[in-house]
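Engineer: Please read through the structure below; I'll follow up with questions.
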Amino acid sequence: MSANFWTSSHYKHLLDQEDVDMVNPLDKERGVTLEDFKLIKMHMTNYILRLAQQVKVRQRVVATAVTYMRRVYTRKSMAEYDPRLVAPTCLYLASKAEESTVQARLLVFYIKKLYADDKYRYEIKDILEMEMKILEALDYYLVVFHPYRSLSQFLQDASLNDLSMTQLTWGVINDTYKMDLILVHPPHLIALACIYIASVFREKDTTAWFEELRVDMNVVKNISMEILDFYESNRMFTEDRINAALQKLTLRP
């Protein structure tokens with residue numbers, strides 16, 4: 001893995017928000033809106049998390065899997081790449097990339113345990129076939145830098161590394177993977193935005209510390225607002241709306 005984010009494939013492949021929010025023409029033909037697109041990706045993020053909890057892998061594996069899934073759909077159609085197969089396959093691929101390998105048969109076992117819906121029922125061969133398609137969609141760039149490492153360093157530097165702040169900021173970072181921030185912003189800026197939110201919530205005065213960092217606070221505050229807006233809109237993400245969005249894909253008659 002590249003030790004430097006600024007020379008990594010991750011940095012070189014950061015996208016503009018409008019590119020991330022572009023719904024594939026094939027999906028548009030099926031009536032998939034931008035809101036549907038975001039709903040499905042958020043649902044698949046939760047799907048990956050549920051599977052990961054069953055197979056007991058680290059949060060970093062989950063974060064990498066979600067990043068892969070979100071990268072795939074900046075290039076491929078959900079109509080062609082069924083999210084219900086892409087999600088577990090990304091977890092399978094991420095477990096290998098992060099050296100915490102999970103067997104495909106174990107994923108298949110837990111998928112059948114978690115979901116009664118036949119549309120989620122895929123076999124080992126399906127995961128292995130989709131793995132190759134995902135690798136091609138990602139151009140074989142598998143290195144992902146996450147905000148967690150920066151977060152620990154920043155909290156220590158700001159003398160904010162008590163249990164309360166650590167748990168709150170870690171939780172906010174986990175929630176950012178329900179959005180596309182990791183495809184758009186450098187991970188250290190996401191970490192700083194989460195610290196900014198937590199410091200306001202916990203009434204910690206971090207003004208002087210942020211000034212010493214000499215970062216663009218407009219960017220940090222904009223990311224913070226994106227996260228807070230997500231929390232506000234999260235109430236709209238009901239199971240019925242997610243199922244309706246998935247139904248538009250008509251992937252498996």
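The values are calculated or read from the model by the stated rules, or taken from the named source; none is laboratory data. Please read all numbers here as calculations on a predicted model, not as lab measurements. Virtual Cβ from ideal backbone geometry, glycine too; neighbours counted across all protein chains shown. Areas reflect the complete protein model, heavy atoms only, side chains present, ligands, DNA and RNA absent. Shrake-Rupley method; radii C 1.70, N 1.55, O 1.52, S 1.80 Å.
Engineer: Of the listed values [x] 7, 29, 31, 20, 10, 3, 1, 0; [y] 7, 30, 35, 21, 6, 1; [z] 6, 25, 32, 23, 9, 3, 1, 0, identify the label whose number matches P(r) over Cα pairs in 10 Å bins from 0, in percent calculated from this model.
Structural biologist: [y]
Engineer: Give me the number: length gained by fully extending ASN218 to LYS112, i.e. 0.36 nm times residue separation minus the C-alpha to C-alpha distance, one decimal in nm.
Structural biologist: So the chain would gain 33.6 nm between ASN218 and LYS112.
Engineer: Over 20 Å between C-alpha atoms is what I'm after, so list which of LYS38/LYS221; LYS76/LYS221; LYS96/LYS133; LYS113/LYS178; LYS56/LYS112; LYS113/LYS248 land there.
Structural biologist: Checking Cα-Cα distances, LYS38/LYS221; LYS76/LYS221; LYS113/LYS178; LYS113/LYS248 exceed 20 Å.
Engineer: In 10 Å bins starting at zero, report the fraction of Cα pairs in region 147-234 per bin as a rounded %.
Structural biologist: Answer for region 147-234: a P(r) of 17, 58, 24, 1 percent.
Engineer: Okay, next question. Which shape class, rounded, prolate or oblate, goes with region 110-161 when its Cα gyration tensor gives a ≥ b ≥ c as root eigenvalues, a/c under 1.5 marks rounded, and past that a/b bigger than b/c marks prolate?
Structural biologist: oblate
Engineer: Kindly identify region 11-143 as rounded, prolate or oblate by the Cα gyration tensor criterion: order the square roots of the eigenvalues as a ≥ b ≥ c, call it rounded if a/c is under 1.5, otherwise compare a/b with b/c, prolate if a/b is larger, else oblate.
Structural biologist: Here region 11-143 falls in the oblate category.
Engineer: Just to confirm a number: summing +1 for Lys and Arg and -1 for Asp and Glu over residues other than MET130 whose beta-carbon lies under 13 angstrom from that of MET130, what do you get?
Structural biologist: Residues close to MET130 contribute a combined charge of -3.
Engineer: Turning to a different aspect of this structure: Can you tell me the length gained on complete extension of the stretch LEU163 to LEU135, counting 0.36 nm per residue apart and subtracting the Cα distance?
Structural biologist: Separation in residues times 0.36 nm, less the Cα-Cα distance, equals 6.2 nm.
Engineer: Then there is this: Rounded to a whole number, what % of the accessible area of the chain do carbon and sulfur atoms account for, probe 1.4 Å?
Structural biologist: Looking at the chain in its full context, I get 50 percent from C and S.
Engineer: Let me ask something additional. For region 65-131 and region 193-209, what is the separation of their Cα centres, given in Å?
Structural biologist: 37 Å
Engineer: How many Å² of accessible area per residue for region 10-68, probe 1.4 Å?
Structural biologist: 46 Å²
Engineer: Could you give the nm distance between label points at ARG30 and VAL200, where each point is 7 Å from its Cα heading toward the beta carbon?
Structural biologist: If labels sit at ARG30 and VAL200, their model points lie 3.8 nm apart.
Engineer: Rounded to the nearest 0.05, what FRET efficiency do GLU239 and MET22 give with R0 = 30 Å and r taken as the Cβ-Cβ distance? Could you check?
Structural biologist: It comes out at approximately 0.70.
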